[in-house]
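Quick notes on the structure that follows.
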Amino acid sequence: MLVLTVPTIQNGKINIYHGLVCGEAILGANVFRDISAKVRDIVGGRSVAYEEELRRAKDFAVEEMVAQATKLGANAVVGVDIDYGTVGGTMLMVNATGTAVVYAKD
């Protein structure tokens, strides 16, 4: 499955637009990561634990979006946008949206 952030496909022609597909992931960070992140906030530096969780959540969200596109018969998702946020202060949320399409190479 081709997944692109742009609305067009280079050297390809979009023949069918199936519409919006999305995937969501909400992951909880455990208490030890929270404590580690708070210490890093005070002394400075990157919170590697949270970065890893965000990457994992992004992967889950994109996989879910691709699964929806596959069910529709698409072979690509274009115009993909990934948004990040928090829920309840401790849950990490990632939302991936795009347009499921069928394309052919020129």
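Only the coordinates and a few stated rules stand behind these numbers; no lab work does. Since the structure is predicted, the reported quantities are computational estimates derived from the model, not experimental observations. A quick note on method: Cβ atoms are made from the backbone with ideal geometry, for glycine too, and the neighbour counts reach across all protein chains shown.
Just a few scattered comments:
- Sequence-distant residues sharing a close amide H with Ile16 (under 5 Å, placed H): Val102
- Neighbour net charge for Asn95 - beta-carbon separation under 9 angstrom, K R +1, D E -1: -3
- Taking the range 1-24 and a reference point 7 angstrom along Cα→Cβ of Leu72, the backbone N atoms nearer than 11 Å belong to 16-23.
- Each label point was placed 7 Å from the Cα along the Cα-to-Cβ direction; for Glu63 and Thr8 their separation is 3.4 nm.
- Cut-off 19 Å, label 7 Å out along Cα→Cβ of Ile16, residues of the range 75-91 by amide N: 75-79
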